[in-house]
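One structure below.
The values are calculated or read from the model by the stated rules, or taken from the named source; none is laboratory data. Keep in mind that this is a model prediction, so the values were computed, not measured. Cβ coordinates were reconstructed from backbone atoms using ideal geometry, including for glycine residues, and neighbour counts include every protein chain displayed. Just so you know, the surface numbers come from the protein's heavy atoms only, side chains and all, with ligands and any DNA or RNA stripped out. Shrake-Rupley method; radii C 1.70, N 1.55, O 1.52, S 1.80 Å.
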Amino acid sequence: MANISKVYLLNTPLEDDMKNTLYFDNSSAQKSYMDNNVIKTYTNVSYQRDTSTFRCPDQIDSIRNCNYIMYQNTAYSNKWFYCFIEKMTYVNDNMTDVEFKVDPIQTFMFNFDTQPSFIERE
């Protein structure tokens, strides 16, 4: 099987300071919310690494309003990775480098359990 990925560029209210985030009841609700915020879709692109650059086959002006990326490396799993766009760099009229880093809260939200806890204020 070829190393094929799906990459979606989004515009979301999420920011990389992680002071404010979104919480979902399940991964289906999360995926549905993200799908509703997709600006551009790319399929059959090469394997995406978790902290890297996506070489986007589009003009920088057509994706400038995107601040978030989600991708799935379909040759390896069905897991979606959610990431913050850190920087966009013009390469040529039909190519933009999109640098991103993983949003650990959204990516791994359903891989851990929150135990009963309390906050002690000092």
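Worth pointing out:
- Looking across segment 1-32, just one residue is within 21 Å of Phe54 (Cβ to Cβ), over 12 Å from the mean Cα position of the chain (by Cα) and hydroxyl-bearing (Ser, Thr, Tyr), and that is Ser5.
- Subset of segment 73-82 [modelled with pLDDT under 95 and either crowded, with 19+ Cβ neighbours inside 10 Å or over 13 Å from the mean Cα position of the chain (by Cα) (or both)]: Asn73, Thr74, Ala75, Tyr76, Ser77, Asn78, Phe81
- Residues in segment 87-122 that are of a type outside the set (A, V, I, L, M, F, W, C), touching a strand residue (DSSP E or B) at 6+ places or on another chain (Cβ under 8 Å), under 21 Å from Asp17 (Cβ atoms) and open to solvent by less than 90 Å² (accessible area, probe 1.4 Å): 5 in all.
- Among the criteria (1) of a type in the set (S, T, N, Q); (2) in a loop (DSSP other than H, G, I, E, B); (3) under 19 Å from Phe108 (Cβ atoms), the one Gln72 does not fulfil is (2).
- Residue within segment 21-43 that is part of a strand (DSSP E or B), within 19 Å of Glu99 (Cβ to Cβ), open to solvent by 70 Å² or more (accessible area, probe 1.4 Å) and touching a Leu at 6+ places or on another chain (Cβ under 8 Å) present: yes
- Considering segment 84-122, and only residues there that are aliphatic (A, V, I, L, M) and in contact with a Ser or Thr (Cβ under 6 Å, 6 or more places away or on another chain), the residue that is modelled with the lowest pLDDT turns out to be Ile105.
- Filter result for Ile39 (over 25 Å from Met109 (Cα atoms), free of Cβ contacts under 8 Å to residues at least 60 places away in the same chain and β-branched (Val, Ile, Thr)): no
- The selection criterion, being aliphatic (A, V, I, L, M), on the phi < 0 side of the Ramachandran plot and open to solvent by 50 Å² or more (accessible area, probe 1.4 Å), does not hold for Ile60.
- Given (1) modelled with pLDDT of 95 or more; (2) over 20 Å from Asp93 (Cα atoms); (3) in contact with a strand residue (DSSP E or B) (Cβ under 6 Å, 6 or more places away or on another chain); (4) not in a loop (DSSP other than H, G, I, E, B), number of the condition Thr12 does not satisfy: (4)
- Number of the condition not met by Gln48 [criteria: (1) open to solvent by less than 50 Å² (accessible area, probe 1.4 Å); (2) in contact with a Leu (Cβ under 7 Å, 6 or more places away or on another chain); (3) of a type outside the set (Val, Ile, Thr)]: (2)
- Flag for Cys66 being assigned to a strand (DSSP E or B), surrounded by 11 or more Cβ atoms within 10 Å (Cβ to Cβ) and not β-branched (Val, Ile, Thr): no
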